[in-house]
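Taking it in order: structure first as structure tokens, then the write-up.
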Amino acid sequence: MKVIIEESWHKALAGEFEEPYFENLAHFVRGAYQSGVCYPPPKLIFNAFAQTPFDAVKVVILGQDPYHEPGQAQGLAFYVPPQVTPPPSLKNIAQELGHMPDLLSWARQGVLLLNSTLTVAAHQAGSHQGRGWERFTDAVVRVLAERREHLVFILWGSYAQRKGAMVDRSRHCVIASAHPSPLSAYRGFFGSRPFARANEYLVANSIAPIEW
């Protein structure tokens, strides 16, 4: 699989594409897309990077898997197109925010909407886990944490919080809470004010806030 990824990210992650694990991952993904329906569409697998170049990142929101039903996954964590019914987690994000957000606008303002696993088989949540995507997206978090300053990492749920463990809290802002899924939103997501807190940190560091 030829990797077509936004140029600044290709440069930042160049070493990953030469690693044996990534060659194995590419082989797996190519075979999965050839043998069955997978999401997102191939051209959108690296959409998060296309929408938010490396030097433009202000905020990182970590998801887990792409949505696995038709028309949903677009390569941006938690995002679905306007014509698609919002999944439950997105509805809860909207409830916390007070309105239904335009996540594509977020991405273009510097919010990296990064899933841990970038592909999934149709109707099979978690089906592409453990194949190498996690190592790749760990590298994304690590390179941002090491090479950038004053980023906001929004970590919803234990999975994202484990992935964000490498982030130096003295250099970046980490906002952790329960996940917005219906199973956990009432256990600490609602009322956690992640968007206001992110903007407070950005402004305090002379960085333009996000229009959430």
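Brief remarks on what is shown
- Of all residues in the stretch 2-11, those that are in a loop (DSSP other than H, G, I, E, B), open to solvent by 70 Å² or more (accessible area, probe 1.4 Å) and not aliphatic (A, V, I, L, M) total 1.
- Residues of the stretch 14-52 that are in contact with a Lys or Arg (Cβ under 7 Å, 6 or more places away or on another chain) and of a type in the set (S, T, N, Q): Gln51 alone.
- Being at pLDDT 95 or above, of a type in the set (S, T, N, Q) and open to solvent by 20 Å² or more (accessible area, probe 1.4 Å) holds for only one residue in Thr137, Thr85, Thr117, and it is Thr85.
- Residues of the stretch 143-165 classified as loosely packed, with under 12 Cβ neighbours inside 10 Å and either among the hydrophobic types (A, V, I, L, M, F, W, C) or in a loop (DSSP other than H, G, I, E, B) (or both), total: 2
- Scanning the stretch 141-162 turns up no residue that is touching a Phe, Trp or Tyr at 6+ places or on another chain (Cβ under 7 Å), at pLDDT 95 or above and more than 24 Å from Ala208 (Cα to Cα).
- Hits in the stretch 89-120 - residues which are out of contact with any Gly (no Cβ under 6 Å at 6 or more places or on another chain) and in a strand (DSSP E or B): Val111, Leu112, Leu113, Leu114, Val120
- Matching residues, the stretch 195-212, being among the small types (Gly, Ala, Ser) and either surrounded by fewer than 17 Cβ atoms within 10 Å (Cβ to Cβ) or without any contact (Cβ under 8 Å) to a residue 40 or more places away in the chain (or both): Ala196, Ala204, Ser206, Ala208
- Of all residues making up the stretch 166-193, the number that are over 21 Å from Asp65 (Cα atoms) and either small (Gly, Ala, Ser) or in a helix (DSSP H, G or I) (or both): 6
- Set side by side, the residues Ser192, Ser170 differ, and just one is farther than 22 Å from Phe49 by Cβ, crowded, with 18+ Cβ neighbours inside 10 Å and not charged (D, E, K, R), which is Ser192.
- Candidate set from the stretch 12-63 (those that are closer than 20 Å to Glu149 by Cα and of a type in the set (Phe, Trp, Tyr)); member that is surrounded by the most Cβ atoms within 10 Å (Cβ to Cβ): Phe49
- Within the stretch 59-82, the set of residues being touching a helix residue (DSSP H, G or I) at 6+ places or on another chain (Cβ under 6 Å), modelled with pLDDT of 95 or more and not aliphatic (A, V, I, L, M) comprises Gln74, Gly75, Phe78, Tyr79.
The values are calculated or read from the model by the stated rules, or taken from the named source; none is laboratory data. Please read all numbers here as calculations on a predicted model, not as lab measurements. Virtual Cβ from ideal backbone geometry, glycine too; neighbours counted across all protein chains shown. Accessible surface is based on the protein model in full, side chains and every heavy atom, while ligands, DNA and RNA are left aside. Shrake-Rupley method; radii C 1.70, N 1.55, O 1.52, S 1.80 Å.
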